[in-house]
Amino acid sequence: MKHDVIIIGGSYSGMAAALQLLRARRRVLIIDGGKRRNRSASHSHGFLGSDGVDPAELARVARAQLEAYPTLTWVDGAVEQATGTMDDFTVTSGSTTYAAKRLLLAIGVSDRLPEIPGLPERWGRSIFHCPYCHGYELDRGRVGVIATGPVSIHQAQLLPEWGDTTFFLNGTFEPDRVAEDELIRRGVTIETTPIKHIDGSADVVLTDGRRLRFAGLFTAPYNEPSTPIATQLGCELVETLTGVQIGTGETKETTVPGVFACGDAARMPHSVSLAVGDGAWAGAQIHRSLVWPAS
C-alpha cells in the first residue's frame with residue numbers, strides 16, 4: 001500500500017502534522033524511534049493548556065488521540081534509508097520498505113553539549129537551553145550561563161529576567177567591549193575562570209577550587225538533525241546561530257520536491273509550543289500539495 005504521507009519522527013511536531021492530515025482522511029504512516037529530545041525533563045512548560053505536564057504524558061495522550069483515526073499506521077523503529085522523488089518515495093525501517101507520495105522529516109535534533117564533566121547527566125534536569133521553558137521554576141534563584149561561543153552573549157543578557165546571572169566564558173571566547181558593557185548593564189557577572197566540573201544539582205566547581213551554587217544552569221548546545229536522512233535525500237542544510245537545520249520555504253517544503261520538514265530540525269528557536277505550531281502548518285501544507293500538486 002502506498003501511503004499519502006510518511007512522517008519520520010513521531011514526537012510533537014510530527015504528531016501535530018499527522019493530525020491535520022488524518023482529519024483530511026489521508027493515509028499517514030508515522031515511523032518513530034522513540035527518542036524525544038526532552039525525554040530527560042519531568043515537566044514541560046509554556047505549552048498553553050498543558051503547562052507543567054510531564055512531556056511523556058503529552059506524547060502519550062497525543063499518540064492515543066491520533067490512533068483513534070483509522071487512516072493512521074504507526075511503526076516503532078528507526079529509519080535507515082529514504083529515497084525517491086515526488087509521488088514515489090520509499091522508506092526503509094528494519095527489514096520493511098514503505099511507499100508514499102510525500103515525506104515529512106520531523107526528526108528533531110541532537111545536542112552537542114559542552115565537554116564539561118557532570119553536565120550531560122544533568123541536561124534537561126537542572127541544566128537547560130530555554131529560559132521560557134524552565135526559568136520560572138527556578139524561583140528567582142541564582143542562574144549560571146555556560147558559554148559555547150559568542151551566541152551565548154544573548155542568552156546571558158536575557159537570563160537576568162529570571163535571577164541573578166553569572167556568565168561563565170569557560171575559555172570559549174572573549175566578549176568585545178560593547179558586549180561586555182551590555183552584560184554589565186544587565187547586571188551579569190562575568191566569570192573567566194574555567195569550569196572543572198558540575199556537581200550536586202547545579203553547582204559549578206572552578207579550576208581554582210571555588211564552588212558556586214545555582215538554582216539552575218543554561219547553555220546553548222550545537223544542534224544538528226538527529227539522523228542523516230535529510231542529507232541522504234539531498235535536502236539543503238542551512239547554518240543557524242547554534243548549528244545547522246534543514247532548509248525549508250514558507251510551506252515547509254525542503255529543496256527536494258515532495259519532501260517537507262518541521263519542528264526543531266527545521267526551525268529555531270526550539271520549544272514544544274513552537275514545534276506543535278510548525279508541525280500543524282506543515283501538515284496543512286502537505287495536504288494542499290496533495291490536492292494541488294503544482295501549487
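The values are calculated or read from the model by the stated rules, or taken from the named source; none is laboratory data. Worth saying up front: this structure is predicted, and the values here are computed from it rather than measured. Glycine also receives a Cβ, built like all others from the backbone with ideal geometry; neighbour counts cover every protein chain displayed.
Take Ser50 and tell me if it is out of contact with any Lys or Arg (no Cβ under 7 Å at 6 or more places or on another chain), touching a residue at least 24 places away in the same chain (Cβ under 8 Å) and polar (S, T, N, Q). Taking the combined requirement at face value, the residue does not satisfy it. State which residue is nearest to Thr227 (Cα to Cα) when the search covers only region 53-77 and only residues that are touching a residue at least 60 places away in the same chain (Cβ under 8 Å) and not in a strand (DSSP E or B). This residue is Pro55.
Note on region 87-143: enclosed strands (runs of 3 or more DSSP E) holding 2 or more residues that are farther than 30 Å from Arg26 by Cβ and of a type outside the set (S, T, N, Q) are 109-112. You will find that of Thr148, Thr166, Thr193, the residue that is assigned by TED's automatic domain parsing to the domain that holds Pro120, part of a strand (DSSP E or B), at pLDDT 95 or above and polar (S, T, N, Q) is Thr166 and no other. Each residue in region 209-227 was checked for being without any contact (Cβ under 8 Å) to a residue 60 or more places away in the chain and either touching a Lys or Arg at 6+ places or on another chain (Cβ under 9 Å) or surrounded by 13 or more Cβ atoms within 10 Å (Cβ to Cβ) (or both), and 1 pass. Scanning region 268-295 for residues that are in contact (Cβ under 8 Å) with a residue 60 or more places away in the chain, under 19 Å from Gly124 (Cβ atoms) and not small (Gly, Ala, Ser) gives Pro269, His270, Val272, Val276. Only a single item in (1) surrounded by fewer than 16 Cβ atoms within 10 Å (Cβ to Cβ); (2) assigned to a helix (DSSP H, G or I); (3) among the hydroxyl-bearing types (Ser, Thr, Tyr) is not met by Thr251, and it is number (2).
The set of residues in region 20-47 that are crowded, with 20+ Cβ neighbours inside 10 Å and either under 22 Å from the mean Cα position of the chain (by Cα) or of a type outside the set (Val, Ile, Thr) (or both) comprises Leu21, Leu22, Arg26, Leu29, Ile30, Ile31, Asp32, Arg37, Asn38, Ser44, His45.
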